[in-house]
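The values are calculated or read from the model by the stated rules, or taken from the named source; none is laboratory data. Computed from a predicted structure; not experimentally measured. Counting neighbours? That spans all protein chains shown, and the Cβs are built from the backbone with ideal geometry, glycine included. We work out accessible area using only protein heavy atoms, side chains counted, and drop any ligands, DNA or RNA first. Shrake-Rupley method; radii C 1.70, N 1.55, O 1.52, S 1.80 Å.
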Amino acid sequence: MVEQEVLWSRKQELDEFSTGLESLGLLTVIRQNPDVCLSLLCSDENAEFGPVEFNNCLSRPEVPDDFVQAQTYEWFNTYISENPKSDSFLGGCRLKALLHFSTGYQVPPPGESLPHKLSISFLPDDDQHQLPIAQACFGYLKLPTVHSSMAKFVKFMDMALKYEGTGFAMF
């Protein structure tokens, strides 16, 4: 039902897109080679997305000189490298949830290249900043530095992904 409403509300845009593809001769190519075009134009939602793939989405900063930021950066690296398969609330993939939270993409775009790499920065070390903040349009992920242990850092990262990580999805 929701899909029909979305398609119907975007019918004019879809028709214009189809007309544009046809004028370039691409509509015929797509119709004749659907499998090839699907892999070029659409992401595979079932593709493996682990620490290596997530790291490819990051613009790696140098390790900060500040002790608290360096500790947070180390915890973040551990957090993304220990992608637990038993995350019950994240459907078994913390990194896909983190990608969605921080970029708006549920899966990496085709070719696994984001429009811009995800930049890591740090929030002020105060109690008002316990959760990470993402500015998905600009590719910024701001990490909290207030936590005194890896366990607390993980707890609040997971909390952000669980309650704030849905983005603008309608379902």
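Scanning the stretch 54-78 for residues that are closer than 17 Å to Phe153 by Cα and surrounded by 18 or more Cβ atoms within 10 Å (Cβ to Cβ) yields Gln69, Thr72, Tyr73, Trp75, Phe76.
Regarding the stretch 82-102, can at least one residue be identified that is at pLDDT 80 or above, within 19 Å of Met150 (Cα to Cα) and acidic (Asp, Glu)? Among the residues of the stretch 82-102, not one is at pLDDT 80 or above, within 19 Å of Met150 (Cα to Cα) and acidic (Asp, Glu), which makes the answer no.
May I ask you to list the residues in the stretch 127-153 that are of a type in the set (A, V, I, L, M), part of a loop (DSSP other than H, G, I, E, B) and without any contact (Cβ under 8 Å) to a residue 24 or more places away in the chain?
The initial filter retains those residues of the stretch 127-153 that are of a type in the set (A, V, I, L, M), namely 131, 133-134, 136, 141, 143, 146, 150-151.
Those still in the list that are part of a loop (DSSP other than H, G, I, E, B) too: 131, 136, 146.
Once the filter is applied, which keeps residues that are of a type in the set (A, V, I, L, M), part of a loop (DSSP other than H, G, I, E, B) and without any contact (Cβ under 8 Å) to a residue 24 or more places away in the chain, the stretch 127-153 yields only Val146.
Taking residues in the stretch 64-89 that are on the phi < 0 side of the Ramachandran plot and β-branched (Val, Ile, Thr), and partners anywhere that are open to solvent by 50 Å² or more (accessible area, probe 1.4 Å) and modelled with pLDDT under 90, the pairs with Cβ atoms closer than 9 Å and at least 6 places apart or on different chains are Val68/Asp125; Ile80/Asn55. Kindly provide the set of residues from the stretch 128-150 that are closer than 18 Å to Phe67 by Cβ, among the hydrophobic types (A, V, I, L, M, F, W, C) and surrounded by fewer than 18 Cβ atoms within 10 Å (Cβ to Cβ), ordered by number. If the condition is that a residue be closer than 18 Å to Phe67 by Cβ, among the hydrophobic types (A, V, I, L, M, F, W, C) and surrounded by fewer than 18 Cβ atoms within 10 Å (Cβ to Cβ), then Met150 is the only one that fits.
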